[in-house]
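The values are calculated or read from the model by the stated rules, or taken from the named source; none is laboratory data. This structure is a prediction, so every number in the text was calculated from the model and none was measured. Positions of Cβ are backbone-derived with ideal geometry, glycine not excepted, and every protein chain shown enters the neighbour counts. When the accessible area is computed, the model is the full protein with side chains, heavy atoms only, and any ligands, DNA or RNA have been set aside. Shrake-Rupley method; radii C 1.70, N 1.55, O 1.52, S 1.80 Å.
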Amino acid sequence: MNEEFKEHITKSLTQNMRLDGRKNDEFRKITIETGVSKTAEGSARVICGDTEVMAGVKLALGTPYPDTPNDGVLSTNTELLPMSNPNYESGPPKIESIEIARVIDRGIREGKAMDTKKLCVEAGEKVWMVSLDVIPINMDGNLLDLGALACMAALKNAKFPEVKDGKADYKHLSKKGLPLLETPIEVTVVKIGENFIVDPTEDEESVLDSRLTVAVLESGNLCALQKGGDKPLTAEEVDKMVELAIKKSKELRKLL
Amino acid sequence: MSKLLVKNKEIIVPGQVVAEGMDYLPSFGTYRLKDKILANRLGVVMIDGKVIKAIPLAGRYKPRRNDTIIGRVIDILMSGWRVETNSPYSAVLPLQDASFDYIKKGTDLTKYFGLDDYVVAKITNVTSQNLVDISTKGPGLRKLSGGRILYVNTHKVPRIIGKQGSMVSMIKDTTGCKITVGQNGIVWIQGEPAMEIIAVEVIKKIEDESHIPGLTDNIKAFLEKKTGKKVVISKPVENSEGNSYSESAERPAPKPFVRPAHKPFVKPAPKPFTKPASKPVQKTQVKGDKK
Amino acid sequence: MSKYKKRFDGRKFDETRPIEAEAGVIKKADGSARFKIGNTVAYAAVYGPRELFPRNQHDPKKGKLRCNYSMMAFSGTGERIRPGPNRRAKEISMVTEKALLPVVDLSDYPNAVVDVFIELPETDAGSRCAGICAASIALADAGIIMKDMVASVSMGNIDGQLVLDLDYAEEAFEDGDVADIPIAMIPSTGELTLLQMDGFISPKDLKKAIELVKKPMEKIAEIQRKAVQNRYKVK
């Protein structure tokens, strides 16, 4: 990271102007498309500025965990494709992608987005396993918020396969959607110098001091948090960041 | 009977048959396959009498001697710096070519150029194996402080610069930004935030529309609309039709170097020492490994 | 007489599924494309020529072409596909590389590498062919010197009937032998750069299949070239 570049960005932000002309608290234009992969039981594409991310839901019948015999299983994965950015390399998942997957997963899980009890087919024997995959096509920042948004859109788009002789018949999807209860929205507020911004580009992410991801429910309550970046945050700063995240979450919620 | 299958300045794509018959001659960007001439790279076709060539529209930069580029310092070596050049080949900036000062052995080299610094440099030598040497001794060559970096299509660099720097001067004069354009497709911009944004927009517009006739007029109108200022073109303006692609042709004469707005006087560089082209000498200098 | 008299989806025997192609869809890449044939979709991104690591892979004579084919986790009908390289993906990556290599000229870029990443969000058979088509468009879009596009499509033989561009339903035909022959071709010379087959076919039918695929290949190459040109259309 180039210190002088950071100074340059910061100087601009103090005038409430981003390098791409946006205001500090402004998202890039977002479009959401669902049903973008016919092989997935549910799918969505989110395009925001130059960032494009896909999410797909796969449903399978499997055995529940012994300690939760009546609950379906949710798992979330992110693969930072080397196709989507020159800085990504092939190989096993790096910590960056693990964090994104885990924070998205936390929002959905702790926000009780899904009634996992309703995913149970036969207690202790057979439940629906929900696999969420978040994949960037072109990565120019803010993968976390946009990935989470794509996931919620894909979950809403998903339909169960028909069940035939105790097996999923993937060629025939039923009309039944997933038992969704809540829509957690994740918003990451980034601190650069003394400025707070949302929806950072890759350039802005490269110079951030700290960031706070906030998963917000419709009630305005929070269901997951993740602080990142090398610098600490004061309690007042956290307050401000949460407030901004809640405000922005209302805008994103309208898109779904 | 020979037949031409494309119009002049049409965009041609690999494998496309551009002419049939033996009367036409393939040049850069085209080749002969039996009695046909086909394109072998994406470009704008130029028909010059019987010669058919293509001016490339895409592709990465390849270091060439005497080009002025913007590079990023990626490593500090025993006796110089390794600089990333936005090409497949990184360059070495040797101590003796870095500054007019005498740099004593054991000096902290980061005092001159630190990691991740951007520099304006001139390519002094490129070997057959693409080992690249650069120098920062010379007019306009220096470390870049502050500002932002923009990556552009290297084939559009001549259009961004314009004839004798007319295009970039127009952007600089209207926006008040300092702008340096490297031949390797890296552009450095520094100015007031709002003006910088306009400068970036304009450069991207040139990049997107450089193959469309009437570029200068379109850009002038765009700048006027964006800034609300009247644009005065002081320097000779490139002919928007005519040979608008000629200056980006394969191996042009030395390209115009764009000076920053406020250039301190620097004494001209001594002619860089280059090895005779006819007898390529094996490099003995140890190149620092990146990884 | 073949038991396969009419195609399941109503196509003619020598008809491909509908094709859509677009170049420049991934902004971070040096060249990119999206190629859709029926319900099989392939993205391709080209990065390079760029510096190659590790150095022991350097070729001082010319640049290296490196392809990576991968199916997204949700791109198959049925259960989720575990991401990451498996034996199938590795083999397809290799044959894709060999399919493209004969047309590209990287002699200007010794010691460097051109990376091609192919990703499939949705598949319905013919994924390696779609990948090769997308990769060709992306390479051309990246300004790589190449003597032609590589077009690719599969030929099939269903119980003695030659058919173009099999989908999954046809691959699974049960009342007779099925052969699936993915082919890639340099349209200007008619040379084959990919040829694989699984199933049963007579040598005579194979010869016929290769002859019949020429015309459709030319059509596909036209679509590929249009995709690259369209990127520069005056808006």
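Which of (1) under 22 Å from A:ILE9 (Cα atoms); (2) part of a strand (DSSP E or B); (3) over 19 Å from the mean Cα position of the chain (by Cα) does A:ASP203 not meet, given it meets every other one?
Every condition holds for A:ASP203 apart from (2).
Would you check if C:ARG88 is more than 10 Å from chain A (Cβ to nearest Cβ), open to solvent by 40 Å² or more (accessible area, probe 1.4 Å) and modelled with pLDDT of 95 or more?
Answer is yes for this residue.
Looking only at residues in segment A:88-131 that are facing chain C (nearest Cβ under 9 Å) and polar (S, T, N, Q), which one is most open to solvent (accessible area, probe 1.4 Å)?
A:SER90
Tell me the residue from A:ASN77, A:ASN85 that is assigned to a strand (DSSP E or B), at pLDDT 95 or above, within 14 Å of chain C (Cβ to nearest Cβ) and open to solvent by less than 70 Å² (accessible area, probe 1.4 Å), please.
When all the criteria are applied, what remains is A:ASN77.
Taking the condition of being surrounded by 24 or more Cβ atoms within 10 Å (Cβ to Cβ) and farther than 25 Å from C:ILE81 by Cα, how many residues in segment C:113-125 meet it?
Final tally of qualifying residues: 1.
Rundown of residues vs (1) within 11 Å of chain A (Cβ to nearest Cβ); (2) open to solvent by less than 40 Å² (accessible area, probe 1.4 Å); (3) among the aliphatic types (A, V, I, L, M); (4) out of contact with any Lys or Arg (no Cβ under 8 Å at 6 or more places or on another chain), yes/no style:
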| residue | (1), (2), (3), (4) |
| --- | --- |
| C:PHE35 | no, yes, no, yes |
| C:GLY38 | yes, yes, no, no |
| C:GLY48 | yes, yes, no, no |
| C:PHE53 | yes, no, no, no |
| C:PRO60 | no, no, no, yes |
| C:GLY63 | no, yes, no, yes |
| C:MET71 | yes, yes, yes, yes |
| C:PHE74 | yes, yes, no, no |
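Search segment A:81-97 for residues that are within 20 Å of A:ASP203 (Cβ to Cβ) and pair each with any residue that is among the basic types (Lys, Arg) and crowded, with 16+ Cβ neighbours inside 10 Å when their beta-carbon atoms are under 7 Å apart and the residues are at least 6 apart or on different chains.
A:SER84/C:LYS28; A:ASN85/C:LYS28; A:PRO86/C:LYS28
Taking the conditions exactly as written (closer than 23 Å to C:LEU192 by Cβ and of a type in the set (S, T, N, Q)), does C:SER75 satisfy them or not?
Against the criterion (closer than 23 Å to C:LEU192 by Cβ and of a type in the set (S, T, N, Q)), C:SER75 does not qualify.
Tell me, please, whether a residue that is away from chain B (no Cβ under 14 Å) and open to solvent by less than 10 Å² (accessible area, probe 1.4 Å) can be found in segment C:102-112.
no
Would you mind listing the strands (runs of 3 or more DSSP E) fully within segment C:126-235 where at least 2 residues are among the hydrophobic types (A, V, I, L, M, F, W, C) and buried (at least 24 other Cβ atoms within 10 Å of the Cβ)?
Result: C:151-158, C:178-186.
Between residues in segment B:202-220 that are among the acidic types (Asp, Glu) and residues that are assigned to a helix (DSSP H, G or I), which pairs lie under 7 Å by C-beta distance while being six or more apart or on different chains?
B:GLU207/B:LYS156; B:GLU209/B:LEU215; B:GLU209/B:ASN218
Within segment A:131-154, is even one residue aliphatic (A, V, I, L, M) and over 17 Å from the mean Cα position of the chain (by Cα)?
no
Counting just the residues of segment B:112-121 that are without any contact (Cβ under 8 Å) to a residue 60 or more places away in the chain and outside any loop (DSSP other than H, G, I, E, B), which one comes out nearest to the other protein chains (Cβ to nearest Cβ)?
Once the filter is applied, the top-ranked residue is B:VAL119.
This table checks each residue for (1) of a type outside the set (Val, Ile, Thr); (2) on the phi > 0 side of the Ramachandran plot; (3) at the interface with chain C (Cβ under 10 Å from one of its Cβ atoms); (4) in contact with a helix residue (DSSP H, G or I) (Cβ under 8 Å, 6 or more places away or on another chain).
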| site | (1), (2), (3), (4) |
| --- | --- |
| A:THR10 | no, no, no, no |
| A:GLN15 | yes, no, no, yes |
| A:ARG22 | yes, no, no, no |
| A:THR31 | no, no, no, no |
| A:THR39 | no, no, yes, no |
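Which residue, of B:LEU95, B:LEU115, B:LEU131, is outside the structural domain of B:GLU20 (by TED's automatic domain parsing) and over 30 Å from C:VAL46 (Cβ atoms)?
Step by step, each of B:LEU95, B:LEU115, B:LEU131 is checked, and only B:LEU95 is outside the structural domain of B:GLU20 (by TED's automatic domain parsing) and over 30 Å from C:VAL46 (Cβ atoms).
From B:VAL18, B:VAL13, B:VAL44, grab the single residue that is more than 9 Å from chain C (Cβ to nearest Cβ) and open to solvent by less than 30 Å² (accessible area, probe 1.4 Å).
Exactly one of B:VAL18, B:VAL13, B:VAL44 is more than 9 Å from chain C (Cβ to nearest Cβ) and open to solvent by less than 30 Å² (accessible area, probe 1.4 Å), namely B:VAL18.
What pairs come out if I take residues in segment A:218-243 that are open to solvent by 100 Å² or more (accessible area, probe 1.4 Å) and pair them with residues that are of a type in the set (A, V, I, L, M) whose C-beta lies under 9 Å away, six or more apart or interchain?
Listed by first residue and then by second, the contacts come to A:GLU218/A:ILE185; A:ASP230/A:LEU208; A:LYS240/A:VAL189.
Where in segment B:39-98 are there strands (runs of 3 or more DSSP E), lying fully within it, with 2 or more residues that are under 15 Å from B:THR154 (Cα atoms) and of a type outside the set (A, V, I, L, M)?
Qualifying strands (runs of 3 or more DSSP E): B:68-77.
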